[in-house]
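Below is one structure, written out as structure tokens; the observations come after it.
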Amino acid sequence: MNEKVTRFPITYSERRKNMVGPLCVECQVSGCYLRFHEKSDIVQAGEFITVDVMAMQMDEDKPSKKICELIITREDLMNALKHISPND
């Protein structure tokens, strides 16, 4: 029987993303990541989003360490992203 086995490849980055969840954005060079809260607050100044800056522990059994918390507006974040372009 000649069955071709296709392996399901998962990278180290994908595995870590699965560990921290869909509301997290991992830094590509350090062990830190941003953890967004599910709910935002809409006030007159805009939509406030809470973001925790986290440090991933080297031991996967230990919880991540919170470095600080940021309160940003969606409008400021989206505006900043519009001004980023790839290097030519």
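The values are calculated or read from the model by the stated rules, or taken from the named source; none is laboratory data. Given the structure is predicted, the values throughout are model-derived calculations rather than measurements. Neighbour counts run over all protein chains shown; Cβ positions are idealised from the backbone, glycine included. Surface accessibility is based on the protein's heavy atoms, side chains included, excluding ligands, DNA and RNA. Shrake-Rupley method; radii C 1.70, N 1.55, O 1.52, S 1.80 Å.
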Quick check: is even one residue across the stretch 43-52 in contact with a helix residue (DSSP H, G or I) (Cβ under 7 Å, 6 or more places away or on another chain), modelled with pLDDT of 80 or more and among the hydroxyl-bearing types (Ser, Thr, Tyr)?
no
Among residues of the stretch 3-36, those that are touching a Gly at 6+ places or on another chain (Cβ under 9 Å) and farther than 16 Å from ALA55 by Cβ, counted
0
Looking at (1) on the phi > 0 side of the Ramachandran plot; (2) surrounded by fewer than 10 Cβ atoms within 10 Å (Cβ to Cβ), which is the only condition GLY46 fails?
(2)
For the stretch 28-42, give me the residue count where each residue is at pLDDT 90 or above, among the hydrophobic types (A, V, I, L, M, F, W, C) and either within 13 Å of the chain's Cα centre (by Cα) or not in a strand (DSSP E or B) (or both).
3
Pick from SER64, SER40, SER30: which is among the small types (Gly, Ala, Ser) and either open to solvent by 70 Å² or more (accessible area, probe 1.4 Å) or without any contact (Cβ under 8 Å) to a residue 24 or more places away in the chain (or both)?
SER30
Residues of the stretch 12-27 satisfying the condition of being surrounded by fewer than 10 Cβ atoms within 10 Å (Cβ to Cβ) and at pLDDT below 80
TYR12
